[in-house]
Structure formats: C-alpha cells, structure tokens
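Below: one structure, written as structure tokens.
What follows is calculated from the coordinates using simple rules that are stated; it is not laboratory data. Being a predicted model, the structure only gives us computed values, none of them experimental. Every residue, glycine as well, gets a Cβ built from its backbone with ideal geometry; the counts of neighbours run over all protein chains shown.
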C-alpha cells in the first residue's frame, strides 16, 4: 500500500457528500433499532433489523458509497491520469484504495451491526458478536467487489444498487441457488457458525463462504489494478 494514496483517498472520501451519507445510514439503522427496542421486548425482530436491514442492506450500501468515492470521482474528472503518471505500482494504488474503502465500510457498516445487535438484545452479546463476524466478512467482500465494479464502469453506483436489491435481495429470496454467489448468504453462514440463535437456512457451509469471499476480494483488487494499468495506457475506463 502507498501511505500517501491512502491519506489522499481518505480525505477525498470524507470530504464529499458520500461521506455524509455513510454517516446517515448507520444513524438511521441505530435509531430504528432503538425505537423498536423501546416499544417492544428485547430481541424482537432481531433477524429482520440486525441481519436483513443492518448486515444485508445498510452495510453493502455503505460499501458501495465508500468504494465509488475513493476511485469513481478520479476516473470521472480525469484526475486519475495525474496519479497514474507517477511511478507508483498500479496494484499498489488499487490496494490503497481498497484499504480506505474497507476501513470506512468496517466503521460505518460492520460496527453499527454490532451496536444494533446490542441495542436490540443486550442480554445476548454473543449473538451480536456473531453478527459482527458475518458483517466483517461482508465488508471485506463488498469492498473488493464494488472497487472492481467502479474500475469497470462509470455507472458503478447504478450497477451496485442493482446487485444489492435485485441479485442479493429479490433473486436471493426467490432462488435458492443464488446463495452460492451471494455475499449476504456467505455472511449469514459465518455468523451462524458462531451462534446457534442465527438461522443459516440453505447454508453453503462456512469453509465455502470464507474461500468464496477471499476469491472475490483478491480478484476484485487484482482486477482494479489491471484496469488502472489499462487506463494509464489508453486513457479509457
């Protein structure tokens, strides 16, 4: 990784409106969790709020915002050319961008899942920690996936939203086979491995989930590095 690129990417991320949106998403999640907790018994709608809303919706949205913010604007305005003109390894650039996106996703996506779990059911912290484990896996995977998507197309936000809502959401609920290529399913499987209170319906198995996530992360960062190398030569994305 390149410390200078990490610093500049972090400044760009939190200096844009997307940085504000990343703060709004977890705040809304925690506020909703608190309202439900105050009006109902502990543990009410735990899976729906912490799992489906927090881990499966809020977290990928944060990851999408973070990944597109650290790379997308530089490609859109052409300033990436000046960065790539420097004698910096393209894969080092991609890895640095990934590190910043991952850090933001962990902080604004995965951590709120843990907090939501503790707020919803403070008597079962082990379940919240298990949810956090799944959320961390999802954070690593989504960050790599969306970084590659951002390097591939200028319409990464639209493509990412379609992936989250159509593939992970609609098709994931209708077609059981989607779980083999679903980040949310992998995250759920890992969480279920740490807590018996988490349902791992139609599980693909924890080893598969971890290996698949690793493949996506490595492949995503490598692809982003390759695309940056191609961009530096042709000036196209």
>> Please compute one quarter of the surface area of the Cα convex hull for region 121-180 and express it in square nanometres.
In response: 5.3 nm²
> Between residue 89 and residue 27, what FRET efficiency follows from the Cβ-Cβ distance if R0 is 45 Å, with the result rounded to 0.05?
Replying inline: 0.75
> Which whole-percent values make up P(r) of region 87-167 when all C-alpha to C-alpha distances are grouped in 10 Å steps starting at zero?
Replying inline: 18, 37, 30, 13, 3, 0
> What angle, in degrees between 0 and 90 and rounded to the nearest 10, separates the Cα long axis of helix 3-14 from the longest principal axis of the Cα atoms of the chain?
Replying inline: 60 degrees
>> Taking the Cα of residue 161, stepping 7 Å toward and past its beta carbon, and measuring to each backbone N in region 37-61: which are under 18 Å?
In response: 57-61
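If r is the Cβ-Cβ distance from residue 218 to residue 39 and R0 is 45 Å, what FRET efficiency results, to the nearest 0.05?
On the way: r = 44 Å, r/R0 = 0.99.
Calculated value: 0.50.
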> Dimensions of the chain along principal axes (Cα, Å, largest first)?
Replying inline: 58, 35, 28
> residue 199 label point, 7 Å along Cα→Cβ, cut-off 18 Å on backbone N: hits in region 53-72?
Replying inline: 53-57
> Taking 0.36 nm per residue of separation and subtracting the Cα-Cα distance, what length does fully extending residue 14 through residue 211 add?
Replying inline: 67.8 nm
>> Show me the ranking of peptides 181-193, 22-34 by mean Cβ neighbours inside 10 Å, starting with the highest.
In response: 181-193, 22-34
> Relative to a virtual label point 7 Å from the Cα of residue 229 in the Cα→beta-carbon direction, which members of region 131-166 show backbone nitrogen distances below 18 Å?
Replying inline: 148-149, 151-152
>> What number results when the radius of gyration of region 111-211, computed over Cα atoms, is divided by 2.2 N^0.38 Å?
In response: 1.13
> Quick one: 41, 48, 168, fewest Cβ neighbours within 10 Å first, how do they rank?
Replying inline: 41, 48, 168
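What is the order of 98, 208, 46, fewest Cβ neighbours within 10 Å to most?
Least crowded to most crowded, the residues run 208, 46, 98.
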